[in-house]
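Enquirer: Submitted below is the structure of interest, expressed as structure tokens.
The values are calculated or read from the model by the stated rules, or taken from the named source; none is laboratory data. None of the values given here were measured: they were computed from a predicted structure. Heads up, the Cβs are rebuilt from the backbone with ideal geometry, glycines too, and the neighbour counts pull from every protein chain shown.
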Amino acid sequence: MNKFQPLHDEIERSLVQPIKSKLSDVYNLKIFIKRDDLIDREISGNKWRKLKYNILEAQKNNKNTLISYGGAYSNHLYALAAAGKRYGFKTVALIRGEAPSTLGYTLRYLKANDVELHFCSRADYRSQEFRDDFAEQFGDDTYVIPEGGSNALAIKGSSEMAAEIKKQFPTLPNYVCISAGTGSTAAGLIAGLDGESHVLVFPALKGNWMERTINKHLQEYNGKTYSNWQIVPDYHFGGYAKFDGELIQFMNDFKRQYQIPLDPIYTSKLLYGIFDMVAENIFSKGKSILMIHTGGLQGIEGFKERFNL
Ligand SMILES: *Cc1c(COP(=O)(O)O)cnc(C)c1O
């Protein structure tokens, strides 16, 4: 079995780059992006951060099988498949929804990496009991990771972003901006900053539960409550994996201008939102803003297939 080597050079890979634009000049803002998407090509972005201590834990306890859950386009399952293959685990995934007649990009990748795929109805998927029963059939040598990889060890891994930011910026940026799905990456960032700077969380999904969820993550993780963060609820574009032409245009323009690819589900919405807020003059003059590139670039292929882009 290939031993997982926890990378100690994430900070070398996750570079901070300045993003200059006419607008930020007008408002005298300093904008940066932290490239977590560069940490690892396959176990990308925040999924690396979230899996890191889980993989170490599974190895420490001599588990030989990883089990997790997700949708058919899940960035988490993609990263898990890569990690399982690379570090010698058997990997099992329970997929939300009945088996499609042809597998999409992400499921094909899972299959190519020898992930054992199981499908279930959406109703079954929602039931924790169903999931527990599912996991049980694989015996005791299994390590179960929740949907999205979101558990306390994921929050611990994500908190390391903050430690790096503190090293990369002699003076912390005024704002650190991050996209959220389950909110556990954001919780890790907030916990790691431990009251410093101000975190803006941009949900990629519709709904008003994100603040509650992040507080719950923090409660479970270190029992602290923080006031230096807020939700920016206005840039979900209709919900998870919803989009419009303007968002796609923005994503393509951004890549052309800065040579930095964004994903359509999370990071495009985050950066669109920040650029829109800059244009609306919401940040006061002279402030510095750090955006986290949480990766997710594998999602582009599935997205193109699904929506014929
Ligand atoms: C999964 C993912 C997120 C959301 O992370 P959560 O911890 O679930 O909030 C954000 N960005 C990208 C690119 C992702 O793949």
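Enquirer: If the Cβ limit is 9 Å and pairs must be 6+ apart or interchain, which residue in region 130-153 that is of a type in the set (K, R) pairs with which residue that is assigned to a loop (DSSP other than H, G, I, E, B) and within 16 Å of the ligand (Cβ to nearest atom)?
Expert: Note: pairs meeting the criteria are R131/P146.
Enquirer: Quick check on region 76-87. Is at least one of its residues modelled with pLDDT of 95 or more and assigned to a loop (DSSP other than H, G, I, E, B)?
Expert: no
Enquirer: Separate question: Of all residues in region 165-208, how many are within 14 Å of the ligand (Cβ to nearest atom), at positive phi and either surrounded by fewer than 24 Cβ atoms within 10 Å (Cβ to Cβ) or among the polar types (S, T, N, Q) (or both)?
Expert: Count: 1.
Enquirer: Scan region 53-82 for residues that are surrounded by 24 or more Cβ atoms within 10 Å (Cβ to Cβ) and either closer than 16 Å to S14 by Cα or hydroxyl-bearing (S, T, Y) (or both) and jot them down.
Expert: S68, Y69, S74, Y78
Enquirer: For the condition buried (at least 17 other Cβ atoms within 10 Å of the Cβ) and either of a type in the set (S, T, N, Q) or on the phi > 0 side of the Ramachandran plot (or both), what is the one hit in S159, S121, S127?
Expert: None of the other options fit; the residue is S159.
Enquirer: Scan region 217-224 and give yes if some residue there is on the phi > 0 side of the Ramachandran plot, at pLDDT 95 or above and exposed (fewer than 15 other Cβ atoms within 10 Å of the Cβ), otherwise no.
Expert: Looking through region 217-224, at least one residue is on the phi > 0 side of the Ramachandran plot, at pLDDT 95 or above and exposed (fewer than 15 other Cβ atoms within 10 Å of the Cβ).
Enquirer: Of the residues L271, L247, L290, which single one is buried (at least 17 other Cβ atoms within 10 Å of the Cβ), among the aliphatic types (A, V, I, L, M) and over 19 Å from N174 (Cβ atoms)?
Expert: Just a single option satisfies the conditions, and that option is L247.
Here is a yes/no grid of residues against (1) closer than 29 Å to G71 by Cβ; (2) among the small types (G, A, S); (3) away from the ligand (no atom under 14 Å from the Cβ):
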site	(1), (2), (3)
E246	yes, no, yes
K255	yes, no, yes
F283	no, no, yes
H293	yes, no, no
K304	yes, no, yes
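Enquirer: Separate question: Evaluate the following for F307: is it surrounded by fewer than 24 Cβ atoms within 10 Å (Cβ to Cβ) and at pLDDT 95 or above?
Expert: no
Enquirer: Here's something else I'd like to know. From the list K85, K20, which residue is surrounded by fewer than 22 Cβ atoms within 10 Å (Cβ to Cβ) and either free of Cβ contacts under 8 Å to residues at least 12 places away in the same chain or within 13 Å of the ligand (Cβ to nearest atom) (or both)?
Expert: Working: K85 fails: either free of Cβ contacts under 8 Å to residues at least 12 places away in the same chain or within 13 Å of the ligand (Cβ to nearest atom) (or both).
Result of the check over K85, K20: K20.
Enquirer: Any residue at all in region 24-36 that is within 14 Å of the ligand (Cβ to nearest atom) and surrounded by fewer than 23 Cβ atoms within 10 Å (Cβ to Cβ)?
Expert: yes
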